[in-house]
Amino acid sequence: GAVVSQHPSWVICKSGTSVKIECRSLDFQATTMFWYRQFPKQSLMLMATSNEGSKATYEQGVEKDKFLINHASLTLSTLTVTSAHPEDSSFYICSARDEAGWDTQYFGPGTRLTVL
Amino acid sequence: DAKTTQPTSMDCAEGRAANLPCNHSTISGNEYVYWYRQIHSQGPQYIIHGLKNNETNEMASLIITEDRKSSTLILPHATLRDTAVYYCIANSGNTPLVFGKGTRLSVIA
């Protein structure tokens, strides 16, 4: 099956620092990837749609200057949380759409971010 | 995406079939029914999807009613490792998946 990886799997950082999370589709190419976050005991919330070679599309209420997304290749999208604060602590999950596989979206294992 | 309705929680005895229902009465003709599950502290795992025909793979079976207003995911022999939150999502395939609250399935020994 299609595999999506994320790195790191967890990260702890100090307030005010920036954190970069990588999302890779390992065995398929993905023009489109998606970033979600999940707070404890809640469902996944879509943050943005990442398009290879173009600007990301952000959901309402998500600050594009705070959550920088880069989709520089067909297998890699990155999410950078800039000037992180404790309220940014969450579980960040990416998915990649397999356009050669019925447009099925496959998810990464997630990245647990804790901001102190 | 069409809204889906699922029970909040279900229990199933280990070794028995788990039947998870989903209502999607406003589903559009071009929307598929997708099922994912999320085991605690992991990313969602794709299970199966279908348009109007019943589907089966190594993980599960998907039964879609003829009017496509509801569906049932069947795990034929549930194990403890199947304990998870199961999400039913109606989606055309070219838009992001929108997650509801899903059904929390507890498989009991």
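The values are calculated or read from the model by the stated rules, or taken from the named source; none is laboratory data. This one's a predicted model, so the numbers in the text were calculated from it and none came from an experiment. Here the Cβ is made from the backbone with ideal geometry for all residues, glycine too, and neighbour counts use every protein chain on show.
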Given the conditions (1) exposed (fewer than 15 other Cβ atoms within 10 Å of the Cβ); (2) farther than 23 Å from B:A84 by Cα, and given that A:V115 satisfies all but one, which numbered condition is not satisfied?
(1)
Just to be sure before I move on: is B:N91 closer than 30 Å to A:Q6 by Cβ, surrounded by fewer than 19 Cβ atoms within 10 Å (Cβ to Cβ) and of a type outside the set (K, R) in the structure I sent?
no
Could you tell me which numbered condition A:P109 fails, if it satisfies all but one of (1) touching a Pro at 6+ places or on another chain (Cβ under 9 Å); (2) under 28 Å from B:C88 (Cβ atoms)?
(1)
When residues of segment A:84-116 are filtered for being within 11 Å of another protein chain (Cβ to nearest Cβ) and part of a loop (DSSP other than H, G, I, E, B), how many remain?
7
Do you know which residues across segment A:77-109 are on the phi > 0 side of the Ramachandran plot and either among the acidic types (D, E) or buried (at least 24 other Cβ atoms within 10 Å of the Cβ) (or both)?
A:D103
Considering only segment A:56-88, state which residues are more than 14 Å from the chain's Cα centre (by Cα) and within 20 Å of B:F99 (Cα to Cα).
A:Q60, A:G61
Which of (1) exposed (fewer than 13 other Cβ atoms within 10 Å of the Cβ); (2) of a type in the set (S, T, Y); (3) under 21 Å from A:V4 (Cβ atoms); (4) at pLDDT 95 or above is the odd one out, the single condition B:Y46 does not satisfy?
(1)
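Would you call A:T32 of a type outside the set (D, E), under 15 Å from the mean Cα position of the chain (by Cα) and more than 28 Å from B:I48 (Cβ to Cβ)? Working first, answer last.
Details: of a type outside the set (D, E): yes; under 15 Å from the mean Cα position of the chain (by Cα): yes; more than 28 Å from B:I48 (Cβ to Cβ): no.
No, not satisfied.
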Determine whether segment B:93-104 contains at least one residue that is at positive phi, in contact with a strand residue (DSSP E or B) (Cβ under 8 Å, 6 or more places away or on another chain) and modelled with pLDDT of 95 or more.
yes
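Can you name every one of the strands (runs of 3 or more DSSP E) wholly within segment A:5-74 that holds 2 or more residues which are more than 13 Å from chain B (Cβ to nearest Cβ), surrounded by 18 or more Cβ atoms within 10 Å (Cβ to Cβ) and hydrophobic (A, V, I, L, M, F, W, C)? Even if it seems obvious, please write down each step before you answer.
Numbers: elements: A:10-13, A:19-25, A:32-38, A:45-51, A:67-73.
Where strands (runs of 3 or more DSSP E) fall fully within segment A:5-74 and carry at least 2 residues being more than 13 Å from chain B (Cβ to nearest Cβ), surrounded by 18 or more Cβ atoms within 10 Å (Cβ to Cβ) and hydrophobic (A, V, I, L, M, F, W, C), they are A:67-73.
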